[in-house]
1. Just checking, how many residues over the stretch 23-47 are within 19 Å of Asn106 (Cβ to Cβ), under 18 Å from the mean Cα position of the chain (by Cα) and open to solvent by 20 Å² or more (accessible area, probe 1.4 Å)?
2. I'd like to know if the stretch 162-172 contains one or more residues that are among the aliphatic types (A, V, I, L, M), over 18 Å from Arg61 (Cα atoms) and open to solvent by less than 20 Å² (accessible area, probe 1.4 Å).
3. From the residues in the stretch 1-22 that are over 20 Å from Asn106 (Cβ atoms) and either among the small types (Gly, Ala, Ser) or in contact with a Cys (Cβ under 8 Å, 6 or more places away or on another chain) (or both), which one is nearest to the ligand (Cβ to nearest atom)?
4. Taking the stated definitions as given, is Ala166 more than 16 Å from the ligand (Cβ to nearest atom) and hydrophobic (A, V, I, L, M, F, W, C)?
5. Out of all the residues in the stretch 118-139, which are of a type outside the set (Phe, Trp, Tyr), within 11 Å of the ligand (Cβ to nearest atom) and modelled with pLDDT of 95 or more?
6. So Met110 fits all but one of (1) part of a strand (DSSP E or B); (2) open to solvent by less than 30 Å² (accessible area, probe 1.4 Å); what number is the exception?
7. From Ser73, Ser81, grab the single residue that is modelled with pLDDT of 95 or more, surrounded by fewer than 16 Cβ atoms within 10 Å (Cβ to Cβ), within 15 Å of Asp40 (Cβ to Cβ) and in contact with a Pro (Cβ under 6 Å, 6 or more places away or on another chain).
8. Just one of Ala2, Ala68, Ala14 is at pLDDT below 95 and either among the hydrophobic types (A, V, I, L, M, F, W, C) or assigned to a helix (DSSP H, G or I) (or both); which is it?
Amino acid sequence: MAIRLGDTAPDFEAQTTEGKIRFHEWLGTGWGILFSHPRDFTPVCTTELGEVAKLKKEFERRNTKVIALSVDSVDDHRKWSVDIEETQGQKPNYPLIADPDRKIANLYDMIHPNADNTLTVRSVFIIGPDKKVKLTLTYPASTGRNFDEILRVLDSLQLTANHSVATPVNWKDGEDCIVVPSLTDEQAKAKFPKGFKTIKPYLRITPQPNK
Ligand code: BEZ
């Protein structure tokens, strides 16, 4: 069964490069990103895992933990991490889940048999502090993900959660936001001291609240 936005992220126990974890307990009270990659010792995955390690401070700034998964073993993950450091300049500084029996991959519908019968696709799940799934992404094995985009979505999600704004097309950090339609004008006046501009009754623009 596919996981949909708003679903509770399924909990699981797993062996990782940082020991055994129970997922929800590991997530704690902040945000989390679970991402899968097809397999160890492959070129695109090598670049992705190095990049995520380099972005550690960006994830921390957003109170977000990251964790990767593939169907390989902890032993392979550890050996491959040496290559990642050698080729990308940074080894993974977050846990890599070993899922050789594909238990978690199946739980999260990360295997798409018409693409590949055994390997995980490139899935991303952003999970909120309430353990609900806020974003899902699915990329093919041959296309590396854009983690700048994943940070951008995380910023947008956190703005919505904390400040009742949505973000328009191609929004970037620091640009104007949209007042969520569920707020009345009266509520918006109270909530946004910098004010808002009404272009249409359903399209109200306000400066990014946390800037
Ligand atoms: C890669 O990570 O480079 C990759 C993995 C599986 C299929 C194609 C590419």
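The values are calculated or read from the model by the stated rules, or taken from the named source; none is laboratory data. Because the structure is predicted, anything quoted here is derived from the model rather than measured. Cβ placement follows ideal geometry from the backbone for every residue including glycine, while neighbour counts extend to all protein chains displayed. Remember, those area values only see protein heavy atoms, side chains included, never the ligands or the DNA or RNA. Shrake-Rupley method; radii C 1.70, N 1.55, O 1.52, S 1.80 Å.
1. Going through the stretch 23-47 one residue at a time, the tally reaches 1.
2. So the first thing to find is which residues in the stretch 162-172 are among the aliphatic types (A, V, I, L, M), and the list is 165-166, 169.
Narrowing further to those that are over 18 Å from Arg61 (Cα atoms): 165-166, 169.
If we keep only those that are open to solvent by less than 20 Å² (accessible area, probe 1.4 Å) as well, we get 165.
Yes, the stretch 162-172 has at least one match.
3. Ranking the candidates gives Gly19 first.
4. So Ala166 passes the test.
5. Arg122
6. (1)
7. Values: Ser81 fails: surrounded by fewer than 16 Cβ atoms within 10 Å (Cβ to Cβ).
Every option except Ser73 fails the conditions.
8. On the way: Ala68 fails: at pLDDT below 95; Ala14 fails: at pLDDT below 95.
Checking each option against the conditions leaves just Ala2.
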